[in-house]
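Q: Take this structure first; my questions come after.
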Amino acid sequence: MARHTLPTLVAIDGPAGSGKSSVSRAVARRLGFAYLDTGAAYRALAWLALDRKTDQTQADAVTALLKDFDYSIGTDPDEYFVTVGQTDVTDAIRSPEVSAAVSAVARVPAVREALTELFRSLAANVDRPGVVVEGRDITTIVAPEAEVRILLTASEEARMARRSAEITTQSAQTVAEQLRSRDRADSQVVDFMSAADGVITVDSTHLDFEQTIDAVIDVYHTRTKRALNE
C-alpha cells in the first residue's frame with residue numbers, strides 16, 4: 001500500500017485587515033494548492049454558541065458545544081463554504097454579532113486544543129499537493145513544522161482602511177474600533193503581531209493585492225528552493 005505523502009504546508013498568520021484570507025486563497029489558487037481558513041472554525045463555533053444562546057463567557061458551556069460541533073469547510077479555493085450540521089453558515093459567520101463573540105470562544109483552552117487537532121487533520125488530508133493554512137497561530141502552534149511560514153502584516157491605518165472598504169454597512173469609526181477591540185482580545189490568546197524564529201514577515205502596508213500575492217509566492221519559492229538544497 002502506497003504511503004500517504006503529506007502535502008506541502010504554507011502557514012500564514014496575521015492580524016485582522018492584513019489581507020490574510022483573500023491573499024492566502026489567491027496564493028493557493030496560483031500554486032494549485034488547497035486553502036484552509038482556520039478562523040472560520042472559531043467563527044462557526046461562536047455562531048453555534050449564539051444560536052444555542054450559550055454564554056460565551058462560560059468556558060465549560062462553550063467547551064460542551066464541541067461534543068456535537070458537526071463542522072465542515074471547503075478547502076478548494078474556488079469552492080469555499082462553511083457548514084454546521086445541515087446549516088450553511090458561510091455568510092452568517094461574518095456577521096457583526098459573530099465577530100463580537102468569536103474572541104471569547106477562541107480564548108477557551110479546550111476549544112483551541114480541539115480545533116488545532118481538527119486543523120492538522122484537515123490540512124493533512126487535502127487532495128492537492130499542498131495547502132495554504134491561514135489564521136492567528138498557524139506558524140507557531142498549528143503547523144510550526146510547515147515548510148513555509150509567513151507573518152502577513154500591515155500598519156493599523158492600512159488595515160482599518162481595507163476593513164472599512166470591505167464593510168460598507170458600518171461607519172469607518174465603528175469598523176476601526178471593532179478592529180482594535182479584536183486585536184486587543186486576540187492578543188491575550190496568541191502573539192500574531194511579531195514573527196517567531198524562522199517566520200518571514202511580509203508587510204503589505206504599501207503593496208496592492210497583486211503585489212502582496214507576488215511577495216508571498218516569492219517567499220514560498222525561496223523557502224522551498226532552500227529546503228531542496230539543504
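Q: Residues with amide H under 5 Å of V148's amide H, sequence separation 5 or more or different chain, H placed in the peptide plane at 1.01 Å from N; which?
A: Counting only residues 5 or more places away or on other chains, the set is L9, A11.
Q: Let me know the shape class of the range 25-114, please: from the alpha-carbon gyration tensor, a ≥ b ≥ c as square roots of the eigenvalues, rounded when a/c is under 1.5, otherwise prolate if a/b is greater than b/c, or oblate.
A: Because a/c hits 1.5 or more and a/b exceeds b/c, the range 25-114 counts as prolate.
Q: Expressed as a rounded percentage, what relative contact order does the range 24-166 have, with Cα pairs under 8 Å and six or more residues apart?
A: Relative CO of the range 24-166 lands at 32 percent.
Q: How would the range 1-73 be classified by its alpha-carbon gyration tensor: rounded, prolate or oblate, with rounded meaning a/c under 1.5 and the a/b versus b/c comparison settling the rest?
A: It comes out oblate by the Cα gyration axes.
Q: Taking a cut-off of 29 Å between Cα atoms, list the lysines near K20, but don't count ones fewer than 8 places away on the same chain.
A: Qualifying lysines at Cα under 29 Å: K225.
Q: Please list, in chain and number order, the residues 5+ apart from A154 or on another chain whose amide H is under 5 Å from its amide H, with Hs placed from the backbone.
A: When sequence neighbours closer than 5 places are left aside, the close amide H contacts are S204.
Q: Could you tell me which of rounded, prolate or oblate describes the range 87-151, using a ≥ b ≥ c as the square roots of the eigenvalues of the alpha-carbon gyration tensor, with rounded for a/c under 1.5 and, failing that, prolate when a/b is larger than b/c and oblate otherwise?
A: Prolate is the answer for the range 87-151, as a/c is 1.5 or above and a/b outweighs b/c.
Q: Would you pull out the residues with amide H under 5 Å of G130's amide H, same chain only if 5 or more places away, H placed 1.01 Å from N?
A: Residues meeting the amide H criterion: T8, A34.
Q: Here is a follow-up. In whole Hz, what ³J(HN,Hα) sequence does the range 197-202 give by Karplus (6.51, -1.76, 1.60; θ = phi - 60°), x for Gly and Pro?
A: Listing the rounded values in order: 4, x, 9, 8, 8, 10 Hz.
Q: Using the Karplus curve 6.51 cos²θ - 1.76 cosθ + 1.60 with θ = phi - 60°, work out ³J(HN,Hα) for each residue of the range 101-117 in order, rounded to whole Hz, and write x for Gly and Pro.
A: Each residue's phi maps through the Karplus curve to give 9, 5, 5, 5, 5, 5, 7, 6, x, 5, 5, 4, 5, 5, 6, 4, 5 Hz.
Q: Could you pull out every one of the aspartates and glutamates with an alpha carbon less than 13 Å from that of K53, ignoring same-chain neighbours closer than 8 positions?
A: Straight-line reach from K53, under 13 Å: E97.
Every number here is computed from the coordinates shown, using simple stated rules; none is lab data. Here the structure is a predicted model, which is why all the values come from computation and not from measurement.
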